[in-house]
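All remarks here apply to the structure that follows.
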Amino acid sequence: MMTRTTPFPSQSVRVEAMNSFFSKVYRWMAMGLILTAITAHMAASSAMLTEFIFGSGFTLPFLIVLELGLVLGISAGLNRLSASMATGLFLLYSLLNGLTLSYVLLLYTGESVFSAFLTTAGMFGFTSVYGLYTKRDLTSWGSFLMMGLFGLILAGLVNLFLRSGMTQFVISILGLLIFLGLTAWDTQMLRNMGASFGERVEEEGVRKLALLGALKLYLDFVNIFLYLLQFMGRRR
């Protein structure tokens, strides 16, 4: 008797692979955020660390350049890195970012930081879920959002000299919208990546891609938080 093959087994495999992949992505992202929060709290609570980071004109710029190098290194050199090395670099970046973000706890009240964090979690969760489950193709958003991001960086640099409150307000609104859009776009990109794995995928490769995805969503989350804090934060 002849039988027909059905697409359901392969579809089930793809869904399972995607769910497993996203579980790794969100788990690493959460681990990075927790490490950043703990490090920021420890740095803000230590007079010695605060003086070391913000007391000179060298340490903070050095940390920022080092963080940028780590992001570029993980993103561009992922194929050449082992999974263990990629993991170490991601955790190192999260730790260093906690040092540089400790100024948030020094500048704003704890209540406003906590409120901004909860609001960020809600907004990030909503847009990420949208990107994960929407049937709309968000590919076209990519170039538009990247152009907006470069424009945002340029506007921020210009405003360092202008010191315009209104310009900063507009930058904050645009920054919030851009990173919310990037959250949905990145999530859909990762969804498509996870769905394309199939049955034969090396675990090390999946782990490295999960770390890269976690880094992207981590950056989206942190930037949403920082822009929200400019609206919600109450200074000490």
Please go through segment 59-100 and pick out each residue that is exposed (fewer than 12 other Cβ atoms within 10 Å of the Cβ) and more than 24 Å from Phe225 (Cα to Cα). Ala76, Asn79, Arg80, Ser82, Ser84
Of the conditions (1) touching a residue at least 12 places away in the same chain (Cβ under 8 Å); (2) under 29 Å from Leu78 (Cβ atoms); (3) over 15 Å from the mean Cα position of the chain (by Cα), Ser115 clears all except one; give me its number. (2)
Within segment 114-131, restricting to residues that are buried (at least 20 other Cβ atoms within 10 Å of the Cβ) and of a type in the set (Val, Ile, Thr), the one that is nearest to Asn192 (Cα to Cα) is Thr127
Only one residue in Ser84, Ser102 is touching a helix residue (DSSP H, G or I) at 6+ places or on another chain (Cβ under 6 Å), of a type in the set (Ser, Thr, Tyr) and farther than 24 Å from Ile178 by Cβ. Which one? Ser102
Looking only at segment 174-195, which residues are surrounded by fewer than 22 Cβ atoms within 10 Å (Cβ to Cβ) and in contact (Cβ under 8 Å) with a residue 60 or more places away in the chain? Arg191, Met193, Ala195
Test set (1) surrounded by fewer than 19 Cβ atoms within 10 Å (Cβ to Cβ); (2) at pLDDT below 90 - Gly151 fails condition number: (2)
Qualifying positions in segment 152-194 - part of a helix (DSSP H, G or I) and among the charged types (D, E, K, R): Asp186, Arg191
Restricting attention to segment 187-224, which residues are of a type outside the set (Val, Ile, Thr), out of contact with any Phe, Trp or Tyr (no Cβ under 6 Å at 6 or more places or on another chain) and within 30 Å of Met166 (Cα to Cα)? Lys216, Leu217, Tyr218, Leu219
Please count how many residues of segment 41-83 are more than 13 Å from Asn97 (Cα to Cα), of a type in the set (A, V, I, L, M, F, W, C) and without any contact (Cβ under 8 Å) to a residue 12 or more places away in the chain. 6
Can you tell me which condition Ala214 does not meet? The list is (1) touching a Lys or Arg at 6+ places or on another chain (Cβ under 9 Å); (2) more than 25 Å from Asn97 (Cβ to Cβ), and all the others hold. (2)
Filter segment 1-58 down to the residues that are part of a helix (DSSP H, G or I), at pLDDT below 75 and exposed (fewer than 11 other Cβ atoms within 10 Å of the Cβ) and list them by number. Phe8, Pro9, Ser12
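Could you list all residues from segment 43-55 that are in contact with a Ser or Thr (Cβ under 8 Å, 6 or more places away or on another chain) and of a type outside the set (Ser, Thr, Tyr)?
Ala43, Ala44, Leu49, Phe52, Ile53
The values are calculated or read from the model by the stated rules, or taken from the named source; none is laboratory data. Source: prediction; values computed, not measured. Backbone-built Cβ (ideal geometry, glycine too); neighbour counts: all protein chains shown.
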